[in-house]
Structure formats: C-alpha cells, structure tokens
1. How much length would be gained if the chain were fully extended between E49 and T237, taking 0.36 nm per residue of separation minus their Cα-Cα distance, in nm to one decimal?
2. When the helix-only estimate is applied to the chain (DSSP H runs of n ≥ 4, each -39,500 (n - 2.57), divided by the residue count), what is the mean residue ellipticity at 222 nm, nearest 500 deg cm²/dmol?
3. Mind putting a number on the dipole of the chain about its Cα centre? Charges go on the C-beta only, +1 for Lys and Arg and -1 for Asp and Glu, and I need it in Debye to the nearest 20.
4. First measure r as the distance between the Cβ atoms of A283 and A180, then evaluate 1/(1 + (r/R0)^6) with R0 = 25 Å and state the FRET efficiency to the nearest 0.05.
5. Give the longest segment of the chain that steers clear of GluC sites (Glu not before Pro) in DSSP loops with at most 14 neighbouring Cβ atoms within 10 Å, not counting the sites themselves.
6. May I ask you to compute the full-extension gain from I251 to R39, defined as 0.36 nm times their residue separation minus their alpha-carbon distance, rounded to one decimal in nm?
7. Mean Kyte-Doolittle hydropathy of 0.5 or higher plus an axial Cα length of 24 Å or more: which whole DSSP H helices in the chain meet both?
8. Below 8 Å between Cα atoms, with a sequence gap of 6+, how large is the relative contact order for region 138-283 in percent?
Amino acid sequence: MDDKPIDEIWILGATGKVGRALAGRLTAARIPGVVLVGRSAERLASIAETLDGPIRTRRLAGFAEMLAAVQRERPLVVVNLLGSYAGTAVPLAKACMPNGNYVDLSIDNDTLSGLIGLHDEARAANSSVIGGAGFGVLATEALVVRLCAGMPYPSRVQIDALSSSASEDGVMGEALAVTAVDVMALGGRAYREGRLTPVPLGSNLRNHALPDGTTVKSAAVPSGELFAARQASNAPTIDFTSALAPTSPLIRPALPLLSRLLQIPSMRRMMITSMAASKTRRAPRPRPHSWGHAVIDWADGTRRESWLRADDAMDYTADVLTAVVRALYAGTAPRGACTPAAALGPGLATDAGATFLDG
Ligand SMILES: NC(=O)c1ccc[n+]([C@@H]2O[C@H](COP(=O)([O-])OP(=O)(O)OC[C@H]3O[C@@H](n4cnc5c(N)ncnc54)[C@H](OP(=O)(O)O)[C@@H]3O)[C@@H](O)[C@H]2O)c1
C-alpha cells in the first residue's frame with residue numbers, strides 16, 4: 001500500500017442534507033478533488049448535476065465497502081456524514097492514517113472520547129482527526145475555549161445549544177433517527193466531581209430570554225458538548241442543555257420509561273425505523289437565530305457569560321464543516337485528534353459566520 005494520500009476530499013453520505021450542502025460550498029469555492037460517495041449512482045448523479053463544474057461520484061454499496069475503499073485508495077480528506085457514529089467514526093478515522101485526515105459531525109460523548117483517544121496515534125501518523133465539526137459541539141465549545149483563555153480551571157460550566165433550523169419536505173432519515181433515539185435511550189448526563197454522571201433526561205429545564213428578544217426552552221441531554229467543554233475547561237461540574245430536548249410538561253414525565261424501553265434492541269430498531277420514515281414538512285426556522293450560550297463560574301466568585309449567534313443551524317453546520325475541510329485540505333489543522341475549537345481555535349466559529357456577544 002502506498003502511504004501517500006491522493007489529493008481528494010471524499011464526502012461519505014454525499015446524498016444527505018449536510019453532504020449536499022457541503023459539496024455545494026466546496027465546489028462554489030473551487031476546491032478541487034471533491035468526490036461524492038454514496039450508495040445510489042442515480043442520486044449521486046442528480047446531485048453532481050446541480051453543482052458547478054465537473055465532479056467525480058463514486059457508488060459504494062455500504063459502510064464496509066466505503067471503509068475498504070478509504071484504506072485502499074487513501075484520499076487526503078474523508079468527511080464522514082453517514083451517522084451511526086458509534087460504529088463508523090473510529091474505524092474510518094483509523095483508515096485515514098497515515099497522512100490522511102478525517103472529520104465528522106459526531107455528537108455523542110462516547111464517540112468523541114473514542115476519537116480523541118486516537119490523538120497520539122494520529123499525531124504519530126501525521127494525520128488530523130476532528131470530531132463534532134458542526135453547530136453541535138462548536139457553538140458551545142468555542143465559547144468555553146474563549147471564556148477560559150488565560151484563566152485557572154473554573155468550578156462550574158453551564159452551556160446551552162439553542163439551534164433553530166428550517167425543515168424540508170421529505171423524511172427524517174436514518175442518520176438523524178439513530179442520533180435522536182440513542183440520545184433518548186442513554187438518558188441525561190452531566191459532569192459531577194469531574195465524572196460523567198447520569199441525570200434525568202429533560203431535567204435542568206431552562207427558559208432563555210435570548211439577546212434578540214425571542215425566547216426558547218432547553219433541557220438536559222447526553223450530548224458531546226459536555227465532553228468538549230470538559231476538555232476545554234477541566235471544570236468538575238458541567239451541565240449542558242439543548243433546545244432539541246423534549247421540554248413539554250406532558251412528555252417529560254414519560255422520558256425515564258422511554259429511555260429504559262429504548263435500551264431493548266428490538267424497541268430501539270423499531271423506533272429508528274419509524275422515526276427515519278417520519279415525514280418532515282417544509283417550514284421556516286422557528287426563531288431568527290441559533291444560539292450557543294455559556295456561563296462559567298470560578299471559585300473566587302468571578303462569573304463570565306457569553307453568547308454565540310448564528311443563523312440557521314444546519315447552514316451554519318455546513319459552513320463550519322467547509323472551513324474545517326479547507327483547513328484539513330490545506331494542511332493547516334494540527335496533527336492529532338481534537339474537537340473543532342481545540343483544533344482550530346474559537347475563531348473557527350466566527351470564520352464560519354457566527355458572532356460572539358459577551359454578557
Ligand atoms: N453536529 C451537528 O451539529 C450536526 C448537524 C447536522 C447533522 N448532524 C449529523 O450528521 C449526520 C448527517 O446528517 P444529515 O442531515 O446529512 O443526514 P441524512 O440527510 O440522513 O444523510 C445521511 C447520509 O448517510 C448515508 N448513509 C446512511 N446510512 C448509511 C449506511 N449504512 N451506509 C452508507 N451510507 C449511509 C445516506 O445515504 P442514502 O442517501 O443512500 O440513504 C445519506 O447520504 C447525522 O448523523 C446527523 O445526526 C450533526
């Protein structure tokens with residue numbers, strides 16, 4: 001096997017929502033070497049037709065074939081948009097080594113911690129691995145990195161991800177359904193005394209008065225923002241809430257039972273199948289902006305608060321991913337395995353179009 005990667009950017013899952021958006025941005029920016037990888041030649045061709053300039057497509061039957069092709073053909077950058085990150089992220093990141101680079105949108109603590117566990121291996125292999133390169137993780141991680149710069153370890157971090165996205169006519173799709181079901185099955189999480197600890201899913205209900213005058217509720221979910229905030233702050237106590245968590249007073253009491261039911265493999269599979277096929281309707285985003293929010297406390301009584309304002313969270317995710325892919329392609333990302341702001345600094349968030357507002 002030749003260890004030198006070819007200068008190609010493979011988008012695995014290019015027929016999905018984020019894949020299409022990323023391909024459009026990379027081709028509009030005249031980044032060469034983009035290859036759309038997916039399971040259907042027809043769907044790939046119809047996406048390629050909408051893009052500016054000739055673009056390569058590659059049909060591969062499924063994950064195993066994609067993994068084997070990455071190992072064999074050695075693209076310079078692999079973008080994993082397949083979802084099911086618990087099973088796909090670490091094998092694909094390892095397949096990029098040596099000399100190749102990997103990025104994904106993973107959002108669960110275990111996957112992110114598995115990817116960061118590859119740090120020494122990736123550095124030795126001259127590879128960059130970046131997990132969670134979307135609104136999810138970066139919108140709060142960038143705030144924590146920025147607020148903690150030059151400060152001692154804080155005693156407590158509260159972070160909130162308050163996304164707002166338009167929806168399209170279609171179906172939810174399996175990748176998103178797996179993420180949603182696994183979040184519900186796991187139950188809530190928070191850091192207590194430096195350890196990831198179970199808390200009830202949907203607890204820590206928060207009502208936010210947003211800087212643009214709108215309001216939104218959020219509650220605890222077990223998301224990778226927690227892991228990234230712990231890496232960035234080393235705080236012993238960290239809480240995370242998301243506006244995507246169920247906050248209705250009718251649903252919240254049923255969540256512990258739902259969590260237990262979804263831990264049964266047949267129930268999990270049934271729920272994923274049904275959610276994946278559930279129809280989505282075209283609708284504008286519910287609020288004008290998406291927000292990341294952080295409040296950080298230090299033992300001496302110092303408190304810092306900041307907001308990150310972006311527009312549509314899905315568009316912002318594609319913009320963040322584009323910026324990360326460009327850095328990986330140009331070789332400017334550090335070697336090793338990192339979350340996005342740890343790799344490229346909080347300026348990545350503003351490069352991708354967000355604004356910081358200090359409270
Ligand atoms: N961190 C964040 O902020 C953030 C934001 C948005 C999305 N996400 C995550 O990013 C992932 C992609 O999102 P999306 O909205 O683009 O999802 P999507 O529209 O459902 O697209 C998923 C893509 O993966 C492909 N795929 C799924 N399972 C596969 C398998 N077993 N083998 C081969 N290909 C497979 C699909 O191919 P087919 O067309 O052949 O089905 C499709 O191209 C999801 O996991 C989502 O949860 C994260």
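Throughout, read-outs are computed from the coordinates displayed, never taken from laboratory work. These numbers come from a predicted model, not from an experiment. Glycine gets a Cβ as well: all are built from the backbone with ideal geometry, and neighbour counts include every protein chain shown.
1. Numbers: separation 188, 0.36 × 188 = 67.68 nm, distance 4.98 nm.
Between E49 and T237, full extension yields 62.7 nm more.
2. Values: 14 runs with 143 residues, N = 359.
Estimated from H runs of four or more residues: -12000 deg cm²/dmol.
3. Details: 36 positive and 33 negative charges, 127 e Å.
Here the size comes out at about 620 debye.
4. Working: r = 18 Å, r/R0 = 0.71.
So the FRET efficiency works out to roughly 0.90.
5. Working: sites that count: E168, E193.
With a cap of 14 other Cβ atoms within 10 Å, the longest stretch comes to 1-167.
6. 72.7 nm
7. In the chain, the long hydrophobic H runs are 313-330.
8. Relative contact order for region 138-283 comes out at 37 percent.
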